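All remarks here apply to the structure that follows.
The values are calculated or read from the model by the stated rules, or taken from the named source; none is laboratory data. Values in this document were obtained by computation on a predicted structure and should not be read as measured data. In this analysis, Cβ positions are derived from the backbone assuming ideal geometry, glycine residues included, and neighbour counts consider all displayed protein chains.
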Amino acid sequence: MNKKINMTVTALFLVLIFGFGIAFWILPDADFSPEENRPLQTFPAVNPQSWLDGKVSSQLITYYSDQFPLRNTWLSLHGLSELGLGRGESNGVLIGQNGQLAVRRFDAYLSRLERLEDTDYYSPAHVEKGLNALIALDETLTARGIPLCVLLAPRTIDVTVGDFPYPSTLPDRLDTVIQTTLREGDVNNVELLATFRQMHEEGGYVYYRTDHHWTTKGAYVAYAAVMKSWGLEHEILPEEAFTVRTVADFYGTTHSRAGLSFIPPDTLEIWEREDDSRYTVFELSSDGTPKTVIEAGFINEKYLTEKDKYSAFLDGTHRMLFILDKETADRGESRPRLLLARDSFANSMVPFLARHFDICMVNLSGGMTNLSELANQYGCSRVLVVCNRENLITSDCVAAIE
């Protein structure tokens, strides 16, 4: 009897091993994961130089991981096993009250060649470098009479920390460093952590549960705070000036990373007005001619039927975009122009700001970091930097600002 059981187990083991091995080579490679919203590693190009610098070996490891058969199923099983072991997190994502998810671990930036991997801490020297770059930018712009506003958006773990058995020590320490350094540098810094925390604790829907972005309500709060910091509070449009359209079944990048299929989805909100069609979103072709991205309004509707619903705002990530009020332009009138240097957090905030400014928007992660020169080139009367604190920690996009 034991012999038959051993033979059965061995046979099943061999079937799994050889079955997955055969499937791995038969199934076509996928080049993108909608669940994780990221490109997947395809089979790397092999040449003598890539062997010598070690790129092939690391790319092969990533390739086998990304292309493994039934990868999403195995990720879900891994997440469930982590919970079953009582760890309270999966793949560096904390699981808290009411299905709240928040990234705890990341790769902190040390230099172009070095990262502090899989940590919940950061490099104080690198954060200081980024904050000092903002202070230097403010000094340059002030000399030209251009006001700067900085909004380093809190991470989900910063805002929702009370939902987890996780101390607030590190988020609070980072917040103190940011506030103190920028205040001493006399930078107009919009600080929203305390506001967002209080709103979240009171049941306000200001950050998604399954994604790392703020909700449209959170974006509105940020818009109002920026306008107040510039002394333009009398121009802020009230919440009741908008009609809210809801889109169900939104799962964000944090959900994909955690691999927990049982977490309920978010609801994405689009705040609209009847005159949205007067605004157009475009980019410039290589010869400098305008190329329309969204003809009327701020939303690319096709994304609302896909997994990456947040990319509906402004058509997702572009290196450089312009938002124009067509009716004002057609009358030959001009509006103040805002240079917005941002990451994706700003995308859901732009529809509010565009009611007051024509906007030149650059992606900090795309190397568009010479903001003083860009402000001069495009005739911008104000500069706004909106960047999530995770990018301050994990990349050099803020430290490269000049």
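Name every residue in the range 180-217 that is in a helix (DSSP H, G or I) and either in contact (Cβ under 8 Å) with a residue 24 or more places away in the chain or touching a Ser or Thr at 6+ places or on another chain (Cβ under 8 Å) (or both), in order of residue number.
Selection gives Thr181, Leu182, Leu193, Thr195, Phe196, Arg197, His200, Glu201, Thr216, Lys217.
Which residues, taken from the range 270-296, are more than 20 Å from the chain's Cα centre (by Cα) and under 17 Å from Tyr220 (Cα atoms)?
Glu272, Arg273, Asp276
Residues in the range 372-384: is at least one within 30 Å of Asp172 (Cβ to Cβ) and either at pLDDT 95 or above or within 17 Å of the chain's Cα centre (by Cα) (or both)?
yes
Identify, please: which residue in the range 245-262 is touching a helix residue (DSSP H, G or I) at 6+ places or on another chain (Cβ under 7 Å) and surrounded by fewer than 20 Cβ atoms within 10 Å (Cβ to Cβ) and is, among those, farthest from Glu295 (Cα to Cα)?
So the residue we want is Ser261.
Restricting to the range 165-211, count the residues that are surrounded by 15 or more Cβ atoms within 10 Å (Cβ to Cβ) and acidic (Asp, Glu).
3
Within the range 376-396, track down each residue that is part of a strand (DSSP E or B) and of a type in the set (S, T, N, Q).
Across the range 376-396, the qualifying residue is only Asn388.
Since Pro351 meets every condition but one in (1) buried (at least 22 other Cβ atoms within 10 Å of the Cβ); (2) in a strand (DSSP E or B), which condition does it not meet?
Checking Pro351 against (1) buried (at least 22 other Cβ atoms within 10 Å of the Cβ); (2) in a strand (DSSP E or B), the one that fails is (2).
Cβ-Cβ below 7 Å, separation at least six or inter-chain, first residue in the range 353-368 and within 19 Å of Ser229 (Cβ to Cβ), second in a helix (DSSP H, G or I) and hydroxyl-bearing (Ser, Thr, Tyr): which pairs?
Between residues of the range 353-368 that are within 19 Å of Ser229 (Cβ to Cβ) and residues that are in a helix (DSSP H, G or I) and hydroxyl-bearing (Ser, Thr, Tyr), the close pairs are Leu353/Tyr223.
Among the residues of the range 260-273, is there at least one that is at pLDDT 95 or above, farther than 23 Å from Phe357 by Cβ and of a type in the set (Ser, Thr, Tyr)?
Yes.
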